[in-house]
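Participant: I have a structure here, written as structure tokens, and I will follow up with some questions on it.
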Amino acid sequence: MKKDKPQSQGILIKVIILLFVIFMCSLIFIKIRNDNDPNRIIEKQRSEIFSNIDKTNTANITKFYTYGTHFNIEGTLDIVKISGIQINFVDLILKDLNGEEIAIKADFNYLDNTLAFSTSSEINSGIDLETLAINDYYILLKATYSNSDVKYYSLSNSSEYEDINYYTISKENHHNKINIYFDTYNETKYMAINVKEENNLPEDVYDIAIDPGHGGKDKGSTNGDYKEADITLDYAKKLKTELENLGLKVFMSRDGTEASNADMANNMYDDDGRINILNASKAKMLLSLHIDNDKYNKEKGGIEVYAPNNCNLEFASNLAKNLVENSGSYYSGLNSFKKAEGVYVRNYTNLDILAFNSRANKNGYEPYNVTTSTPYLYIIRETGGIATGAFVDGRNKSYGTNKYYNSNYGIEAYSIQLGYMGIQSDLDNIISKPDSYIAGIVKTVQEYYNL
Ligand SMILES: [Zn+2]
């Protein structure tokens, strides 16, 4: 009888040990599962990022836009000035979930207790959307103070603008889709970028748009039987084929099927007019082709590339250079609005603005908000949205409305004067060597987009 007791005790101990082992194993199992649960990992990393954000203040985004392949942010931050302490650097930080940072040095200045910042003073610089790797990024403002303090601030949308959807330039039929958006995490408002792979470009999204100048009943400049509208169309078709050979998806503002009496010059702000269809193409770049006969430049001739305002002129300079080198033509001798050899930025002058405003007064509409950094050429201005100060909002009843005048998605646009109609040698060169001019354009695009 006495023998049984220790035996049953032994079994009990074994059972207790077994239960304990099972309990510990399930604890470990739950922990391993939790550690590997992607949602929990993301949540942990996210809470780590937000725990480092200064909760006393949030930066206000007043303007954000894409222009061409770049993205820019402008905004303000209220700061408490402490005597003797300065802000030495301001960076926009793209922080991914692994805590890796991409820093973009911001332009900034502060007056009283407000810091104003912008990612770039050049509309086609800033954050390069083409080189962003697939990931989720939180956008933070990082201020480095003279006492070595570093503070991170999240960004909230104080602008009227909505999220941006952007598709990167086609490379071997491959794109990334980029969504720039605002959201809230534990009551902290933030701005973020999601980059994901997207192999199918939506039907209505293009890489490049070509605008053959004039068309319909507007023949442009002429010399004998030669008409600008016909030559630019011929060039545009050839250029489209060459750009497509690089794998790009190309949109044309007209293809020559327009009626010969179509009023292409005056209906450009109609729904299916030149400006609205170009904006709807969501292209990253627009190349407008012209051969003009400017009365001020009759004896000079040559190549002129017109670039947007407040712009990095690298593309425009290379375009002028490659056009000259490939075609055997020469840089225009025109000096007005010249920024570099063959490169021009034609903004409104004070005189233009005076004339413009008095016309508005005479016709009974509120003058536009035009400044000396507003592009004069409509094809550049009205396809760039807020980046270029597009203004055709319908107040002038003599033409329609650019539905995209207030868009934060801008097309990087250049107007190319291939030469001068009235200069016989220019015309002869343009007629006899289209492939060489086009090769110069294609080479510049290829280099710019690393194709
Ligand atoms: Zn023209």
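Participant: Determine whether the stretch 301-309 contains at least one residue that is touching a strand residue (DSSP E or B) at 6+ places or on another chain (Cβ under 6 Å), part of a strand (DSSP E or B) and away from the ligand (no atom under 16 Å from the Cβ).
Facilitator: Within the stretch 301-309, not a single residue is touching a strand residue (DSSP E or B) at 6+ places or on another chain (Cβ under 6 Å), part of a strand (DSSP E or B) and away from the ligand (no atom under 16 Å from the Cβ).
Participant: Scan the stretch 310-328 for residues that are small (Gly, Ala, Ser), in a helix (DSSP H, G or I) and farther than 18 Å from residue 123 by Cα and jot them down. Even if it seems obvious, please write down each step before you answer.
Facilitator: So the first thing to find is which residues in the stretch 310-328 are small (Gly, Ala, Ser), and the list is 316-317, 320, 327-328.
Add one more test, that the residue is in a helix (DSSP H, G or I), and what stays is 316-317, 320, 327.
Across the stretch 310-328, the qualifying residues are 320, 327.
Participant: Return the residues of the stretch 326-352 that are free of Cβ contacts under 8 Å to residues at least 40 places away in the same chain and surrounded by fewer than 17 Cβ atoms within 10 Å (Cβ to Cβ); say none if nothing qualifies.
Facilitator: Those that are free of Cβ contacts under 8 Å to residues at least 40 places away in the same chain and surrounded by fewer than 17 Cβ atoms within 10 Å (Cβ to Cβ): 333, 335, 337, 338, 339, 340, 341, 349, 350, 351, 352.
Participant: Residues to consider are 72, 57, 147; find the one that is in contact with a helix residue (DSSP H, G or I) (Cβ under 9 Å, 6 or more places away or on another chain) and either in a strand (DSSP E or B) or not hydroxyl-bearing (Ser, Thr, Tyr) (or both).
Facilitator: Working: 57 fails: in contact with a helix residue (DSSP H, G or I) (Cβ under 9 Å, 6 or more places away or on another chain); 147 fails: in contact with a helix residue (DSSP H, G or I) (Cβ under 9 Å, 6 or more places away or on another chain).
Answer to the selection: 72.
Participant: With respect to residue 225, is the statement that it is away from the ligand (no atom under 12 Å from the Cβ), over 22 Å from residue 68 (Cβ atoms) and either free of Cβ contacts under 8 Å to residues at least 24 places away in the same chain or exposed (fewer than 15 other Cβ atoms within 10 Å of the Cβ) (or both) true? Even if it seems obvious, please write down each step before you answer.
Facilitator: Numbers: away from the ligand (no atom under 12 Å from the Cβ): yes; over 22 Å from residue 68 (Cβ atoms): yes; either free of Cβ contacts under 8 Å to residues at least 24 places away in the same chain or exposed (fewer than 15 other Cβ atoms within 10 Å of the Cβ) (or both): yes.
Considered against the rule, which asks whether it is away from the ligand (no atom under 12 Å from the Cβ), over 22 Å from residue 68 (Cβ atoms) and either free of Cβ contacts under 8 Å to residues at least 24 places away in the same chain or exposed (fewer than 15 other Cβ atoms within 10 Å of the Cβ) (or both), residue 225 comes out as yes.
Participant: When you go through 203, 244, 197 one by one, which is the residue that is among the acidic types (Asp, Glu), part of a strand (DSSP E or B) and farther than 30 Å from residue 56 by Cβ? I'd like the intermediate steps shown before the answer.
Facilitator: On the way: 203 fails: part of a strand (DSSP E or B); 244 fails: part of a strand (DSSP E or B).
Answer to the selection: 197.
Participant: Just wondering, is there one or more residues in the stretch 270-284 that are buried (at least 20 other Cβ atoms within 10 Å of the Cβ), within 26 Å of residue 439 (Cα to Cα) and within 16 Å of the ligand (Cβ to nearest atom)?
Facilitator: yes
Participant: Within the group 348, 330, which residue is assigned by TED's automatic domain parsing to the domain that holds residue 293, of a type in the set (Ser, Thr, Tyr) and closer than 20 Å to residue 300 by Cα?
Facilitator: 330
Participant: Would you be able to say whether some residue in the stretch 368-391 is under 25 Å from residue 300 (Cα atoms) and in a strand (DSSP E or B)?
Facilitator: Here is the first cut: in the stretch 368-391, the ones under 25 Å from residue 300 (Cα atoms) are 375-380.
So of that shortlist, the ones also in a strand (DSSP E or B) come out as 375.
Yes - at least one qualifying residue is present in the stretch 368-391.
Participant: While we're here: Test residue 243 against the criterion of being more than 16 Å from the ligand (Cβ to nearest atom) and surrounded by 18 or more Cβ atoms within 10 Å (Cβ to Cβ), and give yes or no.
Facilitator: On the way: more than 16 Å from the ligand (Cβ to nearest atom): yes; surrounded by 18 or more Cβ atoms within 10 Å (Cβ to Cβ): yes.
The answer is yes for residue 243.
Participant: Determine, yes or no, whether residue 429 is in contact with a Ser or Thr (Cβ under 9 Å, 6 or more places away or on another chain) and more than 12 Å from residue 302 (Cα to Cα). Reasoning before the result, please.
Facilitator: On the way: in contact with a Ser or Thr (Cβ under 9 Å, 6 or more places away or on another chain): yes; more than 12 Å from residue 302 (Cα to Cα): no.
Judged against the criteria, residue 429 is not a match.
Participant: Additional query: Pull up the stretch 396-430, narrow it to residues that are away from the ligand (no atom under 16 Å from the Cβ) and more than 30 Å from residue 271 (Cβ to Cβ), then point me to the one that is surrounded by the most Cβ atoms within 10 Å (Cβ to Cβ). Walk me through how you get there before you give the answer.
Facilitator: To start, the set of residues in the stretch 396-430 that are away from the ligand (no atom under 16 Å from the Cβ) comprises 396-412, 424-425, 428-429.
After this cut, where a residue has to be more than 30 Å from residue 271 (Cβ to Cβ) as well, the list is 424-425, 428-429.
Numbers: 424: 12, 425: 13, 428: 11, 429: 20.
The residue in question is 429.
Participant: Suppose we filter 204, 218, 211 for residues that are within 16 Å of the ligand (Cβ to nearest atom), surrounded by fewer than 18 Cβ atoms within 10 Å (Cβ to Cβ) and in contact (Cβ under 8 Å) with a residue 12 or more places away in the chain; which single one remains? Give the derivation first.
Facilitator: Details: 204 fails: within 16 Å of the ligand (Cβ to nearest atom); 211 fails: surrounded by fewer than 18 Cβ atoms within 10 Å (Cβ to Cβ).
Within the list 204, 218, 211, the selection yields 218.
Per-residue answers, yes or no, for (1) at pLDDT 95 or above; (2) among the aromatic types (Phe, Trp, Tyr); (3) assigned by TED's automatic domain parsing to the domain that holds residue 233; (4) more than 27 Å from residue 273 (Cα to Cα):
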position: 376; (1), (2), (3), (4): yes, yes, yes, no
position: 389; (1), (2), (3), (4): yes, no, yes, no
position: 392; (1), (2), (3), (4): yes, no, yes, no
position: 396; (1), (2), (3), (4): no, no, yes, no
position: 402; (1), (2), (3), (4): yes, no, yes, no
position: 417; (1), (2), (3), (4): yes, no, yes, no
position: 422; (1), (2), (3), (4): no, no, yes, yes
position: 433; (1), (2), (3), (4): yes, no, yes, yes
position: 443; (1), (2), (3), (4): yes, no, yes, yes
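Participant: Answer with yes or no whether residue 177 is buried (at least 19 other Cβ atoms within 10 Å of the Cβ), away from the ligand (no atom under 16 Å from the Cβ), without any contact (Cβ under 8 Å) to a residue 60 or more places away in the chain and assigned by TED's automatic domain parsing to the domain that holds residue 57. Before the answer, list the steps.
Facilitator: On the way: buried (at least 19 other Cβ atoms within 10 Å of the Cβ): yes; away from the ligand (no atom under 16 Å from the Cβ): yes; without any contact (Cβ under 8 Å) to a residue 60 or more places away in the chain: yes; assigned by TED's automatic domain parsing to the domain that holds residue 57: yes.
Yes.
The values are calculated or read from the model by the stated rules, or taken from the named source; none is laboratory data. On a predicted model such as this, the values are computed, not experimentally measured, just so you know. Counting neighbours? That spans all protein chains shown, and the Cβs are built from the backbone with ideal geometry, glycine included.
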